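First up is the structure itself, then whatever we jot down about it.
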Amino acid sequence: MERIIKPVFWTNRAIKDLEKVTRFNVKLFGFNKSIKIANEIQEATEILAFHKFNKIGSVDEDFTHLKFEYRKLIHHHCKITYREGKDKIYINRIFDTRQNPIKNK
């Protein structure tokens, strides 16, 4: 197994976003499936901790006006926005793409 280069850190905003997505998914899929999806989203971000994968995904055009370069991953119906920091990979936002895109700002 490869060595972790930079740990993945979830911001408070990303955690709240994931909670909202999970509540939304409970209505659609039920409790057990929504928890499974939330866990899969969290697991999908762990690949970013390894050096050769820390720039996967494309640049997130919704965040180009900010100081840092933000990239995005897609998992299920969710867009995972992250950025690489000096010592960590920051998960910044989780957005269910079935929502109005204006909510992603």
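Listing for the model above:
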read-out	value
Wholly within the range 1-85, strands (runs of 3 or more DSSP E) carrying at least 3 residues that are under 24 Å from R98 (Cα atoms)	70-75, 78-84
Candidate set: the range 35-88, residues that are among the hydroxyl-bearing types (S, T, Y) and surrounded by fewer than 18 Cβ atoms within 10 Å (Cβ to Cβ); chosen: the one modelled with the lowest pLDDT	T64
Every residue from the range 81-97 that is of a type outside the set (S, T, N, Q) and closer than 29 Å to V26 by Cα	Y82, R83, I89, Y90, I91, R93, I94, F95, D96
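Yes/no per residue for (1) among the small types (G, A, S); (2) closer than 19 Å to P7 by Cβ; (3) under 10 Å from the mean Cα position of the chain (by Cα):
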site	(1), (2), (3)
S34	yes, no, no
A44	yes, yes, yes
H76	no, no, no
K86	no, yes, no
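The values are calculated or read from the model by the stated rules, or taken from the named source; none is laboratory data. Quick caveat, the model's predicted, so the values are computed rather than measured. Because the Cβ atoms are built from the backbone with ideal geometry, glycine has one as well, and the counts that use them run over all protein chains shown.
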